[in-house]
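First the structure, in the form of structure tokens, and then the observations on it.
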Amino acid sequence: SEMDTITARLRRDFPAIYPPNGGLTFSVVPLLEQVVGEVRRPLIILIGAVGFVLLIACANVANLLLARAVAREKEIAIRMAIGAAPARIARQLLTESGLLAAVGGTLGIAFSLVALQGLRVLGSHSIPRLREVSVNWEVLAFTLVLSLVSGVLLGMAPAVRARQLDVQENLKAASRGAFGANTAWSRGNHLRRLLVICELALSIVLLIGAGLLLRSFARLQGVAPGFNPKGVLTFGLTMNGSKYNGRPAVLQAYKQVQQGIEALPGVTAAGAVSALPLSQMYSWRPITVEGRMPAAGENFINADERVVAGDYFQTMQIPLRQGRFFGEHDTESAPRVVLIDEFMAAQLWPRQDPIGKRIHNGDMNSKAPWMSVVGVVARIKQYTLDADSRIAFYLPHTQFPTREMHMVLRSKPDPAIMGAAVRKLIAAIDPDLPMYQVRTMTDRVNESMAQRKFSMVLVSLFAGLALVLATIGTYGVMSYLVTQGFREIGIRMALGATPRAVSLLVFSRGCKLSMAGIVVGLLGAFALTRLLRSQVFGIEVTDPLTFIVAMIVLTAIALLASYVPARYAARVDPMMSLRRE
């Protein structure tokens, strides 16, 4: 609120510097928000994916515990018949599930210690302060509590089923050999079917999310940055100290560095720029265009400013569209010149030849010298690959010398191995000259995509794990129903049902489960993928191809999980199944 008041006062008292529509504002941002603000949404999405996998795993364990409880109904009925109270039986089942959860949580923590190292490598350039993340007591407490709570909740269903058990009917059914027939396709299995539907639904949501991120990352990799990063080494130099007082000393030092780099074996071109692309380096300046009638209240235009030296454009292989590059004759005593990008040319001089047009820094009242446009270069991705830069112009270092520049060199051998030779050269020129941020341009491009890659890889891993769990869950339930339904299958076949008919019966019931889960999952995906809007590039969050492919993949896997038990059911020997009961 105070900064808004100050801004309003500045606009009133200094309209030339802070015009009403100039877009210049002040903002107050908490330091924590500044550090983690850009990664909050990706991390929330990953937490959601972890939650989905946890729910799918819980559904699988719940199915296993329910199946185990059904198989033990005769045992539980006998226990209750000789005096065991329902609460005692429920406590026993809850204790067993809690013990399983505690062991599982402990093993999970052990695995996480290994996985954390992989996360640090994968997200080292995308997640701030990731090196500080560790499995501390808070994480341990959270994980163990979550495991125990999950175990108690998972044990509730078998415990409730045990409390509702009719002891007399159950013992009668067991004595008649009808135990399996009453449990195969009966209402008692509705919960297991519902759990499978939920597993499949959650799996397809994760699968679609991973597909969207994967396609988005592929689109991002296909974006042309406007320059060629391959074979380019970059590093920063700052000419500080008494040795570099005055423009001539700075210009001479950079010229000496450039000539030394160009003389290194394998180097084909070298230059420098004040703000490297895709490196979180920004510099903008207000400009005025000669002869342009500004809109009402407009004092100037904001444009990106970059100072270049040597053969920067040739080193980065930024194409020249019109005119010429800077040359040695563009000295401090020569008329001021400027290069502009093609986007600036199209915006300020549409359907005109920009060569020879003039601009100057500052507003219309500024006394800065006019600069003539001598060339137009291609537009590059300065900030990120998924965002277009604003209009930009380039100034020659010979006319606008600056102490801090980022050198670039192109070499035929791997640029990563040129670092040692360059360091030796810089040390020979000036042992006190700091050389920092030595990195290949390819690494910088990869780092600009690191956060998206981090999210894509992890969500894909979670989606794959969810797919495996859902497949196991579907197969497990169908196999269980077939096993528990041996008597029913034997009766059907004894009465004339063919193996093919029995197989189709089991397979059709598996298909119904699969289709129900997929339909519910697609509806959920349409709603939840909206959260990915800021994480995708080049596609819509409702991309039809991604939805269709995910549906086909999950359908095929779910059908396969139903087909195997169906084939097993077709091989049932009716005589053996009836004798078994």
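To keep it simple, each residue is scored yes or no on (1) β-branched (Val, Ile, Thr); (2) touching a Lys or Arg at 6+ places or on another chain (Cβ under 9 Å); (3) closer than 26 Å to Gly231 by Cβ.
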{"residue": "Thr315", "(1), (2), (3)": "yes, yes, yes"}
{"residue": "Met344", "(1), (2), (3)": "no, yes, no"}
{"residue": "Ser366", "(1), (2), (3)": "no, no, no"}
{"residue": "Arg379", "(1), (2), (3)": "no, no, yes"}
{"residue": "Arg390", "(1), (2), (3)": "no, no, no"}
{"residue": "Arg403", "(1), (2), (3)": "no, no, no"}
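Evaluation of Ile429 against the conditions (1) among the β-branched types (Val, Ile, Thr); (2) surrounded by fewer than 21 Cβ atoms within 10 Å (Cβ to Cβ); (3) farther than 30 Å from Phe313 by Cβ shows that the sole unmet condition is (3). Can you find even one residue in the stretch 470-489 that is over 38 Å from the mean Cα position of the chain (by Cα) and closer than 19 Å to Thr315 by Cβ? The answer is no, given that none of the residues of the stretch 470-489 is over 38 Å from the mean Cα position of the chain (by Cα) and closer than 19 Å to Thr315 by Cβ. Can you work out which of the residues in the stretch 50-83 that are open to solvent by less than 30 Å² (accessible area, probe 1.4 Å) and of a type in the set (Gly, Ala, Ser) is farthest from Thr474 (Cα to Cα)? Looking at the filtered set, the residue picked out is Ala77. Are any of the residues in the stretch 413-421 in a helix (DSSP H, G or I), open to solvent by less than 30 Å² (accessible area, probe 1.4 Å) and either in contact with a Lys or Arg (Cβ under 9 Å, 6 or more places away or on another chain) or small (Gly, Ala, Ser) (or both)? Checked against the condition, which is being in a helix (DSSP H, G or I), open to solvent by less than 30 Å² (accessible area, probe 1.4 Å) and either in contact with a Lys or Arg (Cβ under 9 Å, 6 or more places away or on another chain) or small (Gly, Ala, Ser) (or both), the stretch 413-421 yields at least one hit. Every listed requirement among (1) hydroxyl-bearing (Ser, Thr, Tyr); (2) part of a loop (DSSP other than H, G, I, E, B); (3) touching a Pro at 6+ places or on another chain (Cβ under 9 Å) is met by Ser279 save one, (3).
Yes or no: the stretch 348-358 includes at least one residue that is among the aliphatic types (A, V, I, L, M), out of contact with any strand residue (DSSP E or B) (no Cβ under 9 Å at 6 or more places or on another chain) and within 26 Å of Arg285 (Cβ to Cβ).
Taking the stretch 348-358 and keeping what is among the aliphatic types (A, V, I, L, M), we get 348, 355.
Narrowing further to those that are out of contact with any strand residue (DSSP E or B) (no Cβ under 9 Å at 6 or more places or on another chain): none.
No, the stretch 348-358 contains no residue that is among the aliphatic types (A, V, I, L, M), out of contact with any strand residue (DSSP E or B) (no Cβ under 9 Å at 6 or more places or on another chain) and within 26 Å of Arg285 (Cβ to Cβ).
Return the only residue of Leu66, Leu116 being out of contact with any Ser or Thr (no Cβ under 7 Å at 6 or more places or on another chain), under 25 Å from Val468 (Cα atoms), among the hydrophobic types (A, V, I, L, M, F, W, C) and at pLDDT 80 or above.
Details: Leu66 fails: at pLDDT 80 or above.
Going through Leu66, Leu116 in turn, just one is out of contact with any Ser or Thr (no Cβ under 7 Å at 6 or more places or on another chain), under 25 Å from Val468 (Cα atoms), among the hydrophobic types (A, V, I, L, M, F, W, C) and at pLDDT 80 or above: Leu116.
For the stretch 252-280, the tally of residues that are modelled with pLDDT of 90 or more and open to solvent by less than 40 Å² (accessible area, probe 1.4 Å) stands at 18. Would you check if Leu55 is on the phi < 0 side of the Ramachandran plot and free of Cβ contacts under 8 Å to residues at least 24 places away in the same chain? Against the criterion (on the phi < 0 side of the Ramachandran plot and free of Cβ contacts under 8 Å to residues at least 24 places away in the same chain), Leu55 does not qualify.
Go through the residues of the stretch 308-328 one by one and say whether even a single one is open to solvent by 40 Å² or more (accessible area, probe 1.4 Å), modelled with pLDDT under 90 and within 27 Å of Val257 (Cα to Cα). So far as the stretch 308-328 goes, yes, one or more of its residues are open to solvent by 40 Å² or more (accessible area, probe 1.4 Å), modelled with pLDDT under 90 and within 27 Å of Val257 (Cα to Cα).
Taking the conditions (1) under 25 Å from the mean Cα position of the chain (by Cα); (2) among the hydroxyl-bearing types (Ser, Thr, Tyr); (3) open to solvent by 50 Å² or more (accessible area, probe 1.4 Å) in turn, Ser203 satisfies each one other than (3). Residue selection: Arg439 satisfies the criterion of being within 21 Å of Ala224 (Cα to Cα), outside any helix (DSSP H, G or I) and open to solvent by 30 Å² or more (accessible area, probe 1.4 Å). From the list Ala494, Ala466, Ala527, the lone residue that is free of Cβ contacts under 8 Å to residues at least 40 places away in the same chain, more than 17 Å from the chain's Cα centre (by Cα) and over 30 Å from Asp414 (Cβ atoms) is Ala527. If the condition is being closer than 26 Å to Gln437 by Cβ, open to solvent by 40 Å² or more (accessible area, probe 1.4 Å), in a loop (DSSP other than H, G, I, E, B) and of a type in the set (S, T, N, Q), then the stretch 113-145 contributes only Ser124.
Out of curiosity, is Leu505 touching a residue at least 24 places away in the same chain (Cβ under 8 Å) and under 26 Å from Thr474 (Cβ atoms)?
Details: touching a residue at least 24 places away in the same chain (Cβ under 8 Å): yes; under 26 Å from Thr474 (Cβ atoms): yes.
Spelling it out, Leu505 is indeed touching a residue at least 24 places away in the same chain (Cβ under 8 Å) and under 26 Å from Thr474 (Cβ atoms).
Looking only at the stretch 206-250, residues that are open to solvent by 20 Å² or more (accessible area, probe 1.4 Å), among the aliphatic types (A, V, I, L, M) and over 27 Å from Lys412 (Cα atoms) come to 4 in all.
Do the conditions hold for Gly521, that is, is it within 30 Å of Ile44 (Cβ to Cβ) and open to solvent by less than 20 Å² (accessible area, probe 1.4 Å)? So Gly521 fits the description; yes.
The values are calculated or read from the model by the stated rules, or taken from the named source; none is laboratory data. All of these numbers come straight from a predicted model, not from anything done at the bench. All Cβ positions, glycine included, derive from the backbone under ideal geometry; neighbour counts span all protein chains shown. Surface accessibility is based on the protein's heavy atoms, side chains included, excluding ligands, DNA and RNA. Shrake-Rupley method; radii C 1.70, N 1.55, O 1.52, S 1.80 Å.
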